[in-house]
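Asker: To start, I am sharing the structure in question, which I have written as structure tokens.
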Amino acid sequence: MSTLIEFQNVCKLYQMGDTTIAAANEISLQINRGEFVAIVGQSGSGKSTLMNMIGCLDVPTTGKYLLDGQDVGQMSKNELATTRNRMLGFIFQQYHLLPKLTVLENVEIPLMYAGMSKAERRNLAVKELTRVGLQDKLGNKPNQLSGGQQQRVSIARALAGAPAVILADEPTGALDSKTGREVLEMLQDLHKAGNTVVLITHDNAIALQADRIIRLEDGIIIYDGPSSAPEAIVPSPLAKAEQGVQDALT
């Protein structure tokens, strides 16, 4: 498999008064085409910063980010916007659907920005909405759909432009457990179909649905490996406390 995403000693620094915060600290990683990777960490771990850089919403302070061989840090704002539209499909926790547009029109938006003809983008939008089981909801507005259906619309929108990377940011965060499982199954199906999926989450159980886990803490990668490995599983705070008591008694 060829490398699609590559970080070379990437740092992202923010200035807060007199203090410099390293939200990402010397991060190096590679993600190949066709992988299903979960980037996991608690609030403040740096996972949102990493997601923003992968999604070309931000650029490194130092180091290099190559997306399909292109140096993202050297791109202009217009080039970043073009790259986002051409290579990245976003699935957000809060869906980000436009309430006044129909389901079909919401999926057509990125295709319109890509310069597709009306007929071409309509055909693609219908195809992807059918793929996620919403072929009978094309004329509905978002407020006429359940949360799970709205997330399916956002998945169809992400897929419509045939992106190189599907970037899912806490895609089950606003859903009930049953619907959340259905969305995760859809992401797994997309991966099995050959898509590259990068899932951002704070939930260890959700991260374990991916084939590989990249775990962040304080802007540093503390684990990068298969989700099936024992060290991929983080013990609960209670389990840690119990282990601490046992260690103290031995």
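Values quoted throughout were computed directly from the atomic coordinates according to the rules given, and no laboratory measurement underlies them. Predicted, not measured: the structure shown is a model, and the values here were computed from it. Cβ atoms come from the backbone with ideal geometry, glycine included; neighbour counts cover every protein chain shown.
Asker: What does the extension gain come out to for GLN135 and LEU57, with contour length at 0.36 nm per residue minus their alpha carbon separation?
Answerer: Roughly 24.9 nm would be gained on extension.
Asker: Would you work out if the range 108-196 is rounded, prolate or oblate? Take a ≥ b ≥ c from the square roots of the eigenvalues of the alpha-carbon gyration tensor; rounded if a/c is under 1.5, else prolate when a/b is larger than b/c, oblate otherwise.
Answerer: Here the range 108-196 falls in the oblate category.
Asker: Using a cut-off of 13 Å between beta-carbons, work out the net charge of the residues near HIS191 (Lys and Arg +1, Asp and Glu -1, HIS191 not included).
Answerer: -1
Asker: Given a cut-off of under 8 Å on Cα pairs at least six residues apart, what relative contact order in percent is computed for the chain?
Answerer: For the chain, the relative contact order is 26 percent.
Asker: Could you tell me what percent of the DSSP beta bridges with both partners in the chain are antiparallel, to the nearest 5?
Answerer: 55
Asker: Another question, then. Specify the angular offset, from 0 to 90 degrees and rounded to the nearest 10, of the alpha carbon long axis of helix 103-113 from the longest principal axis of the alpha carbons in the chain.
Answerer: Tilt relative to the chain: about 80 degrees.
Asker: Could I have the simple spin-label model distance between LYS118 and LYS64, label points 7 Å from Cα toward Cβ, reported in nm to one decimal?
Answerer: Here the modelled spin labels are 4.6 nm apart.
Asker: In the chain, how many lysine pairs have Cα atoms under 14 Å apart, counting only pairs 8 or more places apart or on different chains?
Answerer: The number of close lysine pairs in the chain is 4.
Asker: Which option, [x] 19.3, 72; [y] 18.3, 55; [z] 19.2, 62, is the value of Rg and Dmax of the Cα atoms in Å that was calculated from these coordinates?
Answerer: [x]
Asker: Based on the Cβ-Cβ distance from ALA22 to ALA81, what FRET efficiency comes out when R0 is 30 Å, to the nearest 0.05?
Answerer: With R0 = 30 Å, the Cβ-Cβ based efficiency is 0.65.
Asker: Can you list the residues, at least 5 places off or on another chain, whose amide H is less than 5 Å from the amide H of ALA24, using H built in the peptide plane?
Answerer: Long-range HN contacts for ALA24: LYS12.
Asker: Quote to one decimal, in nm, the extra length available between ILE222 and ASP189 on full extension: 0.36 nm per residue of separation minus the C-alpha distance between them.
Answerer: Roughly 9.1 nm would be gained on extension.
Asker: Right, next: Report the local net charge at LEU175: Lys and Arg +1, Asp and Glu -1, summed over other residues whose C-beta lies under 15 Å from its C-beta.
Answerer: Residues close to LEU175 contribute a combined charge of -3.
Asker: Can you tell me which of ASN143, ASN85, ASN25 moves the most in a GNM of the chain? Springs connect C-alpha atoms under 10 Å apart.
Answerer: Of the options given, ASN143 has the highest mean-square fluctuation.
Asker: Mind giving me the nanometre distance, one decimal, between the label points for THR3 and GLN30, set 7 Å out from Cα along Cα→Cβ?
Answerer: Result for the modelled spin labels: 0.5 nm.
Asker: What's the local net charge at GLU79, with K and R +1, D and E -1, over the other residues with C-beta under 12 Å away?
Answerer: So the environment of GLU79 carries a net charge of +2.
Asker: Does the range 1-101 classify as rounded, prolate or oblate by the C-alpha gyration tensor (a ≥ b ≥ c root eigenvalues; a/c under 1.5 gives rounded; else a/b over b/c gives prolate, otherwise oblate)?
Answerer: Rounded is the answer for the range 1-101, as its axis ratio a/c remains below 1.5.
Asker: Once you have a ≥ b ≥ c as the square roots of the Cα gyration tensor eigenvalues for the range 137-178, tell me rounded if a/c is under 1.5, and otherwise prolate or oblate according to whether a/b is larger than b/c.
Answerer: The shape class here is oblate.
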